[in-house]
Each structure stands twice: as structure tokens, then as C-alpha cells.
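Remarks on the structure that follows.
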Amino acid sequence: MTTATDINTAYEAPPRTEVGVLGWLKHHLFGSWFDTILTILSLGLLYVVLVPSMRWAVTKANWRAITTNILILIHGPYPQTQNYRVFIAIGLLVVMGSVSLFIYRGENVRGRRTMTIIWAVSPFFIWYLLAGFKGSSFLPLIEYSKWGGLLLSFILAIFGILASFPIGVLLALGRQSDMPIIKWMSTVYIEVVRGVPFITVLFMAQVMLPLILPPDVRVAGMFRAMVATALFSAAYLAENVRGGLQAIPRGQYEAADALGLSTFQQMYFIIMPQALRTVIPPIVGQFIGLFKDTSLVAIVGLLDFLNVSQSILSQAGFLGAQKEVYLFAALVYFVFSFAMSSASIRLEKQLGVGQR
Amino acid sequence: MSEYIIECRGVKKWYGEFQALKGIDFNVKKGEVVVILGPSGSGKSTFIRTINRLEEHQAGEIFVNGIELNNDVRNIAEIRKEIGMVFQQFNLFPHLTVMDNITLAPIWVRKWDKPTAEAKAMELLERVQIPEQADKYPGQLSGGQQQRVAIARALAMEPEIMLFDEPTSALDPEMIKEVLDVMIVLAQTGMTILAVTHEMGFAKTVADRIVFFDYGLIVEENTPDNFFTNPRHDRTKLFLSQILH
Ligand SMILES: Nc1ncnc2c1ncn2[C@@H]1O[C@H](COP(=O)(O)OP(=O)(O)O)[C@@H](O)[C@H]1O
Ligand SMILES: [Mg+2]
């Protein structure tokens with residue numbers, strides 16, 4: 001007869017080949033014949049591509065094309081006597097970002113609230129820091145046509161993201177609305193904008209905005225591009241948000257109704273937080289696309305990062321520096337896109353997407 | 001003011017062409033416990049959902065606490081404040097902790113300050129016997145625990161009336177009792193309750209009255225004793241013979 005005390009409750013150690021380095025190799029690289037072939041082929045491909053590229057980058061490439069022009073790449077024709085303002089802005093963002101990493105992880109509610117307020121006012125502060133004031137000798141006005149380089153690309157992308165968010169959410173709600181006119185207008189807007197290339201929207205903004213605004217108001221090309229970016233992005237965002245809204249079960253609305261929450265409270269506390277967190281990956285993907293698409297503003301004559309990069313190629317000393325310039329440009333776009341992507345994965349983990 | 005806390009006269013409701021409620025006359029006194037029985041699809045859910053306007057009735061009148069339920073959003077808001085509802089599928093908010101699920105409406109609808117709302121929430125969690133789960137998320141709880149949180153969430157608004165729509169139907173058998181026990185205590189403390197449930201034990205022990213629905217109509221209203229031992233209507237007899245084997 002077996003009693004409970006007879007049962008062996010100790011665990012045996014797993015076989016040596018299942019754990020540690022050997023186990024990892026076996027499971028991940030050489031699990032089967034097919035895996036082994038794939039592993040060897042991949043390593044071979046990496047070797048063929050990477051080794052000559054690295055050799056070129058270290059020995060042959062003329063990186064002076066980048067180093068001599070680094071200021072132009074960062075801020076374009078923004079006056080060099082005033083460019084400390086750009087660096088203060090960058091420094092400020094870096095400091096705020098680092099402080100946030102600590103504050104938002106901690107439990108200090110006051111600190112978090114303060115930090116959120118700082119983030120909320122920072123765009124306005126940075127804007128006036130960069131733009132300056134008419135007649136001021138301390139912060140002289142910098143014409144918008146002088147904003148360029150990465151600075152311009154960032155301003156377009158950040159404004160596009162911030163402004164398209166509320167518009168996109170409203171469009172998504174509009175498309176789900178019971179009121180036919182609102183539903184119809186939202187749907188038409190979303191479908192029309194999604195049905196045309198970004199470049200046409202950019203051109204439209206150049207041509208149409210002056211028609212809508214009073215004749216004596218002249219809008220800088222940068223603003224027209226900002227408006228175009230936001231309006232274009234909003235249509236895509238609306239569809240992403242709508243996808244999130246459709247994933248919310250009806251019971252959530254009913255529970256909120258039964259508790260007496262107003263429509264706004266329902267949206268703000270119950271529906272949107274859930275809808276948005278399920279669509280973080282597509283939304284971030286869309287914002288990465290938006291950041292890269294800002295390179296198209298070169299076509300309407302703005303001096304964004306890619307445009308100033310190309311302008312290096314016409315400088316006497318760097319006529320043949322295509323490889324260096326384009327590789328560097330690609331690397332910069334990649335670094336920032338990758339950073340956004342990683343941040344989104346962290347955000348998803350923190351919010352526990354797919355877990356609750 | 002009338003002696004009834006809920007008054008329904010000739011309530012009718014259609015889904016498109018299909019008539020789900022065919023003229024319901026029904027009153028509830030303060031403190032009464034009414035159990036609604038009836039076959040699936042007979043309109044039980046539809047009826048109790050019209051009382052807090054999750055469904056709109058298209059004919060007849062409904063008064064709650066003397067306030068008429070019509071298209072006036074102020075009336076609807078006023079009535080919803082007085083009615084708590086518990087659903088078959090719990091419908092907790094999965095992105096909020098148990099504590100936030102319970103305090104959200106008291107803070108934003110009743111405008112209580114946070115400490116008051118949290119103290120009330122803890123008191124209710126004690127009452128449903130899961131105070132230790134306050135900081136968890138709904139997905140981390142068992143079905144029975146989730147339904148008890150849902151009851152606490154509804155009670156936190158200090159409603160005059162509680163509606164239950166098959167609160168134990170989605171639960172594993174071993175969890176049904178823990179939810180029923182909470183409901184029984186609630187019934188004994190004088191809460192006005194309107195419950196759709198197939199738990200005959202609950203109906204027999206705590207109901208003041210049983211209402212039997214079929215085809216969108218109230219077929220029979222009776223005391224629990226008479227309803228089970230001496231039903232008047234043939235349809236009631238058929239229904240009872242099916243559920244009691
Ligand atoms: N949203 C709806 N749309 C169309 N028909 C519905 C809807 N809700 C319920 N019904 C129908 O109304 C009838 C009554 O449903 P319900 O009140 O849920 O019944 P019960 O709760 O008694 O099972 C059923 O025939 C059901 O199919
Ligand atoms: Mg039902």
C-alpha cells in the first residue's frame with residue numbers, strides 16, 4: 001500500500017543537454033537538420049554582407065562629409081550664432097526624459113503629476129525658445145524658413161503625432177456615432193485622406209491653405225507641412241483607434257452606463273484606455289512611418305534632414321560622398337525609429353497588454 | 001408619492017419587428033425581494049434592463065422612486081444613481097484594480113472624495129469577504145471573486161435597488177454558493193432586489209414574490225410557497241416540471 005510519505009517528492013535534475021549553453025544551442029540553433037542548415041546559411045550571409053561593409057566603413061569611407069556638416073545636419077540653415085537655443089532644447093528633452101524614467105517608475109504621486117505638467121508645457125516653452133520674439137535682442141526671431149535638418153524633421157513628426165492624436169480619436173468616435181451627419185463626415189474624411197498619397201496632401205496644403213485663410217495672412221511653408229502631416233496622420237490613427245474600439249465588449253459600456261457614468265467619463269476612464277492599449281503596436285508603427293514620411297517635405301521645398309543631407313553632396317569637397325551620406329542618413333532614421341519601437345514594447349509590458 | 005419604488009405600466013419593447021415585451025404591469029415595494037423566472041428568451045433580461053435604461057421601452061410607463069424614465073437624460077442619470085446592476089458576465093473593468101473598479105463611480109458620479117470612497121470600498125470588500133484582493137486586477141481573480149467584486153462595485157453607489165441578471169450562470173458550481181450567500185445577506189438587510197436567477201434555493205428562501213415570464217408577458221405572480229407547490233398556470237407547471245425534473 002502506498003501512503004503519502006512513500007511518494008518521492010524530490011525533483012531530479014534535467015539532462016545536461018537541456019540546460020545552459022549546450023541546451024540553448026540545441027534548442028535554438030541546431031534543433032533539427034533544417035534548423036542547422038538555416039543557422040549556417042544565416043551566418044554565412046551575415047559574413048558576406050557585414051565584413052566588407054565594416055571594412056569599408058573603417059578604412060575607406062570619408063566620414064568628414066558628415067563631421068564637417070554636423071551642425072547643418074542637426075539644424076539646417078538655423079543661424080549658427082543662435083544655435084545654442086537648439087542645443088538647450090535638446091538638452092532639456094534629454095534631461096526630462098531621464099528624470100521621467102525614474103519618476104514614472106516610482107510611487108511619488110506629486111512628483112509624477114509635476115512631471116506631467118512639465119511635459120505638457122514643454123512644447124510651448126521649446127517653441128518660443130527656438131522661434132524667439134520680434135525685436136528681442138536676447139531671443140531674436142528666427143524665420144521659419146531657416147528651420148531645417150533633424151530639427152525640422154523632429155518638429156514635423158512631434159507636431160504630427162501630438163496634433164493627430166486628438167483629431168484621430170475624435171474621427172474614430174465620429175465614425176461610430178449614431179448621428180448620421182457626423183458619421184458620414186468622419187467616414188468621408190478618413191477614406192478620402194487614406195485614399196491619396198501623402199505628397200498630394202502636402203501639395204494641397206501648400207495650395208489650399210492660402211485659399212481658405214484671409215489673403216493678407218501668409219503662412220510659412222513649415223506650418224503648412226505641419227498641418228498636412230497632422231491631418232494625414234489623423235485619418236490613419238482614426239482607423240487604428242476604431243479597431244481598438246471594436247475590441248471592447250458591449251458589457252463594458254453597459255456596466256459603465258449602469259453605474260451612471262456620463263458618456264465622456266465612460267470614454268475617458270473605461271473605453272479609451274482599453275481601446276488604445278490594444279492598438280499600441282499599430283499606432284507606434286504608424287508614428288514611425290510618419291517620422292520617416294517627413295522626408296517627403298523636401299518635395300515642397302523644406303530643408304528637412306534628408307534634404308540637407310543630400311545638399312552635402314553638392315559641396316565641392318564631398319562630391320562623391322553618396323555612400324557615407326546616405327548610410328549616415330539611414331542610420332539616423334533607423335536609430336530613432338528603433339528607439340520608438342523599443343519604447344512601445346516597454347510601454348506595452350508596463351501596461352500589461354495581453355495579460356489583463 | 002406612491003407606495004412603490006418601481007412602477008411599470010404596460011411596458012412594451014420591440015427589437016426591430018420582434019416584440020420582446022408585450023405589456024408588462026409590475027410594481028415593487030421598497031425592501032421587496034422579487035425573483036424573475038421563465039424560459040430562455042422569454043424577455044426577463046430585456047425587462048430588467050429597461051428599468052435602468054440599458055434598453056429603451058417603446059410604450060408604457062416606468063417610474064423609479066417617483067421619477068419617470070423617459071428621454072430626459074437628467075431623469076436617466078438620477079434613476080441610474082439609485083439602481084445597482086450585476087451582470088451574468090461580471091463586466092468588471094479589466095484595466096482597473098479591484099479598488100479602482102469600486103471607487104470610480106462614487107468618486108465621479110457621487111462626487112465623494114477619494115478617502116471616503118476607498119473606506120466605503122474596503123467596507124464592502126469585507127462584506128463580500130475579499131478585502132485582501134483590493135489591489136489585484138480582475139483577471140487575477142476567480143469567477144466567484146469577480147462576481148463578488150461586481151456586487152461590491154454596484155453597492156458602492158449606495159443604490160436603493162439592486163438588479164441581478166443571472167449572476168451565477170457563468171460560474172463554476174463550487175463558486176455559486178459564495179455569490180448566493182452574499183445575495184442572501186443583502187436580501188435579509190432590506191435591500192430592494194429584482195433578480196433573474198435559476199437558483200431555486202434562493203427563490204424559495206429569500207424571495208417575497210416570484211414572477212414568471214413567458215413570451216414577453218408576466219404569466220404568473222405568486223408567493224414562493226404557492227409558486228412551487230401550487231402553481232396556477234399550465235405554463236408555469238410545465239416550466240417547473242422541466243427544471244425540477
Ligand atoms: N439586442 C437584441 N436584438 C434583437 N433581439 C434581441 C436582443 N436582445 C434580446 N433579443 C431577443 O428578445 C428576446 C428576449 O430576450 P431576453 O430578454 O434576453 O430573454 P431572457 O433573458 O428571458 O432569456 C429573445 O428572443 C431574444 O432573442
Ligand atoms: Mg437573459
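Any read-out appearing in this document is the output of simple, stated calculations on the displayed coordinates, not a laboratory observation. Predicted model only: the values in this text are computed from it and were never measured. Virtual Cβ from ideal backbone geometry, glycine too; neighbours counted across all protein chains shown.
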Expected sort for A:Ile117, B:Ile83, A:Ile271 with the fewest Cβ neighbours (10 Å cutoff) up front is A:Ile117, A:Ile271, B:Ile83
Taking a ≥ b ≥ c as the square roots of the Cα gyration tensor eigenvalues, with a/c under 1.5 meaning rounded and otherwise prolate when a/b beats b/c or oblate if not, region A:177-265 comes out prolate
For region A:68-82, in residue order, the Karplus 3J(HN,Hα) values (coefficients 6.51, -1.76, 1.60; θ = phi - 60°; whole Hz; Gly and Pro = x) are 5, 9, 4, 5, 5, 4, 6, 10, x, x, 3, x, 5, 5, 10
Scoring region A:147-351 by relative contact order with C-alpha pairs under 8 Å, at least six apart, yields a percentage of 29 percent
B:Leu54 neighbourhood, Cβ < 11 Å, K/R = +1, D/E = -1, net charge -1
With the 8 Å Cα cutoff and a minimum separation of six or more residues, chain A has a relative contact order in percent of 19 percent
Going through B:Lys12/B:Lys44; A:Lys292/A:Lys349; B:Lys29/B:Lys81 one by one, the pairs whose alpha carbons sit over 20 Å apart turn out to be A:Lys292/A:Lys349
Length-normalised contact order of chain B, Cα under 8 Å, at least 6 apart, in percent, tallies to 26 percent
The percentage of Cα-Cα pairs in chain A separated by more than 35 Å is 44 percent
Around A:Ala57 (Cβ within 11 Å, Cβ-to-Cβ, excluding A:Ala57; K/R +1, D/E -1) the net charge comes to +2
The alpha-carbon center of region A:72-96 and that of region B:27-106 are separated, in whole Å, by 59 Å
Per residue, the convex hull enclosing the alpha carbons of the protein assembly as shown has a volume in Å³ of 282 Å³
Mean other chain Cβ within 10 Å across A:245-251 is 2
Among A:Leu331, A:Phe269, A:Pro281, the residue whose Cα sits farthest towards the positive end of the charge dipole of region A:252-348 (+1 at Cβ of Lys and Arg, -1 at Cβ of Asp and Glu, taken about the Cα centre) is A:Leu331
With x for Gly and Pro, the residue-by-residue ³J(HN,Hα) of region A:174-181, computed from phi through the Karplus equation 6.51 cos²θ - 1.76 cosθ + 1.60 at θ = phi - 60° and given in whole Hz, is x, 5, 9, 5, 7, 7, x, 5
Computed, not fitted: 222 nm per-residue ellipticity of the protein assembly as shown from DSSP H runs ≥ 4 (each -39500 (n - 2.57)), nearest 500, equal to -17500 deg cm²/dmol
